[in-house]
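Just below is one structure, and these are the notes that go with it.
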Amino acid sequence: MTEQYQIRSTTKAAVMDNLKDVELNIPPSGAYPRAIIIRYQKGAERVLKETLTPYKSKDPDQPNLMQLMAAGTNELKSVTTASSTDAEAVLDERDEEIKKMEKYKEEHPNEVVTIPRELDANMADMIADTRNCGNQSATGAKEGVCQDMINKAGKKMFTNILFDTDGNKLPLDSIDLYVVFEELLNGADGKLFKALRKEMNDVLASYRIDFRLKIVKNYEALQAMVKTLEDQGIYTDASQLVVVILAEVEKVLGQDFAFYFNAPFQTIKSLYPPSYKHDEVSLARVVQELAKADKNRDLSDAPEPEESANAVLSDLTDVDIQEIYAQAKAEGREEGYNEATEELEQANAVAAERGRNTSRDTDTPRRRSRSRSRKNITEEQKKKNCDCPHCEKVGVEAGKHPYTSPDKCFYNPNFDGKRPSFAMDKILKSFRDSSE
């Protein structure tokens, strides 16, 4: 009998101990992003899920004490600090159950009905003790989560959530952990709307269909990106997702590997005009129609998503370019280093080996080089520029920069010095253009 009077404090201590590594870092200003709360919420769910208890959850997806974090009502959340039972109540409950099943058996003589056996006083006392232990473990776990949050974020953080306006703790029975986290998420400092829009646009614009995979798999990847946005309080609608998906498909129509997308694409256009306001139903229909192409096409015919090579090239340095040139020379192609296929392969290998981050803000404008803006170039200089073999190989026209001897040309693979960004850009553009 003594266990039920100790298990509340024992469970509280166990939950708090397991939560010690779950962070809840609220800045001194009190302003916090949603991500901080979501991270702690998931950590608390995991701890309650793994905390053993006499309570037997009937939901396999929410074992042990995890139901305390669920929305709405359930058996575990209905437990209060006063919830208690005794052997007499258990015996009465079993007697009622036996009478109910006996009556049902009489009314359904052709069915096999199992009649519960009667309990003796000792068995009833054990059942009552187990139930009371389960109830107390639930209240102890809830109390542990609340106290851990207060310890980590401070009392002020939870005014009107865990405390009243006078600073007194709210009764534990009036606290719903799901509601607590909803309040915390609603109180999270949102980003500036400008930042929200940019983040949403960046995520949607970065989405690329990998046609080497089925459309459904690509759609799942898009949904994962959308879920990440939602975790940050940024929401998209079905129409935006339809536009993103169809824009990707439209981009490849006409290519051999995408032949089987033509019919589904036309079907979608006939079903939904561009001004159509999509919902989850029409979004699912769009994915379903496009997925029909997967039944006929050979996935291995599809190329790698287009942005991968460009992303690597956009992050190359002058050292990388030197290595591209060196590779070309080693293969006897020093007079043809504008042949892009080998250069791209080498560039990808170099970038992958160095573990470069291929993401770059491509919208950032580059400053125009002074050397390209000069106008006072003589005809003699223009003529001499035409004689530079390195300029010719990357397609630089005469008169675009002041005369420099070929050995000092920025486009010379053996140039010994700091190569300016405009020269690197021109070389890389030459590689890309020749690969198209």
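CYS133 passes every criterion in (1) within 20 Å of TYR40 (Cβ to Cβ); (2) open to solvent by less than 20 Å² (accessible area, probe 1.4 Å); (3) not basic (Lys, Arg) apart from (1). Going by the structure shown, is VAL179 open to solvent by 30 Å² or more (accessible area, probe 1.4 Å), free of Cβ contacts under 8 Å to residues at least 60 places away in the same chain, under 30 Å from GLN288 (Cα atoms) and not aromatic (Phe, Trp, Tyr)? In short, no. Check whether at least one residue in segment 30-51 is crowded, with 16+ Cβ neighbours inside 10 Å, under 30 Å from GLU118 (Cβ atoms) and among the β-branched types (Val, Ile, Thr), and report yes or no. Checked segment 30-51: no residue is crowded, with 16+ Cβ neighbours inside 10 Å, under 30 Å from GLU118 (Cβ atoms) and among the β-branched types (Val, Ile, Thr).
Name the residues in segment 61-76 that are over 26 Å from the mean Cα position of the chain (by Cα) and within 17 Å of ARG46 (Cα to Cα), would you? I'd like the intermediate steps shown before the answer.
Filtering segment 61-76 for residues over 26 Å from the mean Cα position of the chain (by Cα) gives 64-65, 72-76.
Passing the criteria: ASN64, LEU65, LEU76.
Restricted to segment 204-228, and to residues there that are modelled with pLDDT of 90 or more, open to solvent by 60 Å² or more (accessible area, probe 1.4 Å) and in a helix (DSSP H, G or I), the residue that is nearest to VAL287 (Cα to Cα) is VAL216. Test of understanding: among ASN160, ASN151, which residue is within 49 Å of the chain's Cα centre (by Cα), at pLDDT below 90, over 19 Å from GLN67 (Cα atoms) and not β-branched (Val, Ile, Thr)? Residue meeting the stated conditions: ASN160.
Check segment 50-62 and report whether any residue there is within 18 Å of VAL145 (Cα to Cα) and among the charged types (D, E, K, R).
Of all residues in segment 50-62, those within 18 Å of VAL145 (Cα to Cα) come to 50-53, 55, 62.
Filter again for among the charged types (D, E, K, R), leaving 50.
Checking segment 50-62: at least one residue is within 18 Å of VAL145 (Cα to Cα) and among the charged types (D, E, K, R).
When the residues of segment 109-130 are filtered to those that are outside any helix (DSSP H, G or I) and under 23 Å from TYR55 (Cα atoms), the one that is most open to solvent (accessible area, probe 1.4 Å) is ARG117. Within segment 163-198, being assigned to a helix (DSSP H, G or I), within 21 Å of GLN147 (Cα to Cα), among the hydrophobic types (A, V, I, L, M, F, W, C) and modelled with pLDDT under 85 holds for no residue. Counting only helices (runs of 4 or more DSSP H) that sit wholly inside segment 229-311, those with at least 3 residues that are within 29 Å of ARG34 (Cα to Cα) and open to solvent by 20 Å² or more (accessible area, probe 1.4 Å) are 238-252.
The values are calculated or read from the model by the stated rules, or taken from the named source; none is laboratory data. In this text the structure is predicted, and so the values were computed from the model without any measurement. Here the Cβ is made from the backbone with ideal geometry for all residues, glycine too, and neighbour counts use every protein chain on show. With ligands, DNA and RNA removed, areas are computed over all heavy atoms of the protein, side chains included. Shrake-Rupley method; radii C 1.70, N 1.55, O 1.52, S 1.80 Å.
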